[in-house]
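Structure first, then comments.
Laboratory data are not the source of any read-out in this text; all were calculated from the coordinates shown. Keep in mind it's a predicted model, so treat the numbers as computed, not measured. Ideal geometry is used to build each Cβ from the backbone, glycine not excepted, and the neighbour counts take in all protein chains shown.
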Amino acid sequence: MRLRVLVDQPAEAAWNMAIDEALLQLAAMPTLRLYGWRPHAVSLGYFQAATDFADLPAGTPLVRRLTGGGAICHGDEVTFSLALDAAVLPPAIADSYALLHDAVLVALRDVGVIATRLQDGHPQTARPAERWCFTVPGQGDLVTPTGKLLGSAQRRIRAPTPRVLHHGSLVLHRPALTPFVAAIADTAPTTFSRQALLATLIDHLAAALAMTPETGERTAAESALAAQLQQERYGNPAFTFSR
């Protein structure tokens, strides 16, 4: 089976989230998308209350994700999304996290960054007790001695067919707004390369899914739906502040 790979330039928050939902709804083949954020932004988990973030610095771009979990300050990072049929992943959410996180773990080791996957701690949940995703590492999280390195969240839908959107946020440099996170820059060797990280992430995530990666492009239908979702949902304050 082929894994379509989309490597996008950094984009603004509402557009990023709109594309990911469009892929969840329309992607005809399993799709891995890698991207960044410009300007840097904060994404809320789907179930979080926007009023809990009234203390953000003025002008901070804010968007609500389709996936659950805690808020993330998206600065200098590699963000990836997977949109695919649910049958491709293990049915248990914890097992699907373990599969994907182990692939990221090996990719990190390829570029000289050593992390571990926690075997204990609180389980993954769509409605976390902490408002920030990276505050307290839990079961299955990737960590270094300085804290949590990878933030993940999922959305699973049943209709028209069972599908999964998985979000992963891999920190390169620690954002000032969330100084408690771990970052690749903490321990990366001088030979570290962002492009090398992207390449090995693609290879190991594809291998974990037993797929062959293939560079592709969005379809016209996916782009059209993303534009609609950007206007009507992710760029709409009524959605961002709906909780």
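With respect to the conditions (1) surrounded by fewer than 16 Cβ atoms within 10 Å (Cβ to Cβ); (2) over 17 Å from the mean Cα position of the chain (by Cα), ASP102 falls short on a single one, namely (2). So is PRO128 out of contact with any Lys or Arg (no Cβ under 9 Å at 6 or more places or on another chain) and in contact (Cβ under 8 Å) with a residue 12 or more places away in the chain or not? Against the criterion (out of contact with any Lys or Arg (no Cβ under 9 Å at 6 or more places or on another chain) and in contact (Cβ under 8 Å) with a residue 12 or more places away in the chain), PRO128 qualifies.
Per the conditions (1) touching a strand residue (DSSP E or B) at 6+ places or on another chain (Cβ under 6 Å); (2) of a type in the set (A, V, I, L, M, F, W, C); (3) under 22 Å from LEU209 (Cβ atoms), the sole criterion not satisfied by ALA94 is (1).
Among the numbered conditions (1) buried (at least 18 other Cβ atoms within 10 Å of the Cβ); (2) touching a Phe, Trp or Tyr at 6+ places or on another chain (Cβ under 8 Å); (3) of a type in the set (A, V, I, L, M, F, W, C), the only one that LEU165 does not meet is (2). Of all residues assigned to the range 135-148, at least one qualifies as being polar (S, T, N, Q) and under 21 Å from TRP37 (Cβ atoms). Only a single item in (1) touching a residue at least 24 places away in the same chain (Cβ under 8 Å); (2) part of a loop (DSSP other than H, G, I, E, B) is not met by HIS167, and it is number (2).
The residue of the range 170-224 that is surrounded by the most Cβ atoms within 10 Å (Cβ to Cβ), among those that are part of a helix (DSSP H, G or I) and among the charged types (D, E, K, R), is GLU222.
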